[in-house]
Amino acid sequence: MAVEEQIPPFGMIGKIKAVPGKRDALIAILGSGTDTMPGCLAYLIAEDAKDPDAIWITEIWDNKESHAASLALPAVKEAIRMGRPLIAGFELSAETRPLPGASFISRA
């Protein structure tokens, strides 16, 4: 009996610097349409606590191919088009490999 090779999940973490004073507008744009991305298990946008113009985005996907395919979705293309003028730069970016059993714990 052949053992199926399991495709590992794919993750990305990135820090984006918004044009001064435009962080909230950029967050609103990047958060729109994220619930329609097939294969996206988590898409978290967080404000940088020390830099009023920076945000962090953490993404978890079922695989790298789903992430790549998301870039062709109309909602994602529109968010990129609208958000691009509000981005001053990309400061950090890393690909990650989310581990099985790891989870987000809400303490609300």
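Every number in this text was worked out from the coordinates using simple rules, so none of it is lab data. No experiment lies behind these values; they were computed from the predicted model shown. Heads up, the Cβs are rebuilt from the backbone with ideal geometry, glycines too, and the neighbour counts pull from every protein chain shown.
Amide H to amide H, with H built 1.01 Å from N, Val19 comes under 5 Å of Ile87, Ala88, counting only residues 5 or more places away or on other chains. Loop-located trypsin sites (Lys or Arg not before Pro) in region 24-108 (DSSP state other than H, G, I, E, B) with a sparse environment of at most 10 neighbouring Cβ atoms within 10 Å: Lys50, Arg107.
A simple spin-label model places pseudo-atoms 7 Å from Cα toward Cβ; at Arg81 and Arg97 they are separated by 3.8 nm. The listed peptides 16-24, 87-95, ordered by packing as a protection proxy, come out as 16-24, 87-95 (highest mean of other Cβ atoms within 10 Å first). Loop-located chymotrypsin sites (Phe, Trp or Tyr not before Pro) across region 1-67 with a Cβ neighbour count of 10 or fewer within 10 Å are lacking, with loop assigned by DSSP. The angle between the Cα long axis of helix 74-83 and the main principal axis of the chain comes to about 30°, on a 0 to 90 degree scale. Summing +1 for each Lys or Arg and -1 for each Asp or Glu among the other residues whose beta-carbon sits under 15 angstrom from that of Thr58 gives -3. Over the chain, DSSP H runs of length four or greater, each weighted -39,500 (n - 2.57), average out per residue to a 222 nm ellipticity of -6500 deg cm²/dmol.
Please label the shape of the chain as rounded, prolate or oblate, based on the square roots a ≥ b ≥ c of the eigenvalues of the alpha-carbon gyration tensor (a/c under 1.5 means rounded; beyond that, a/b larger than b/c means prolate, else oblate).
Cα axes put the chain in the prolate bin.
Each Lys or Arg adds one and each Asp or Glu takes one away; over the other residues whose Cβ falls under 13 Å from the Cβ of Pro9, this sums to -2.
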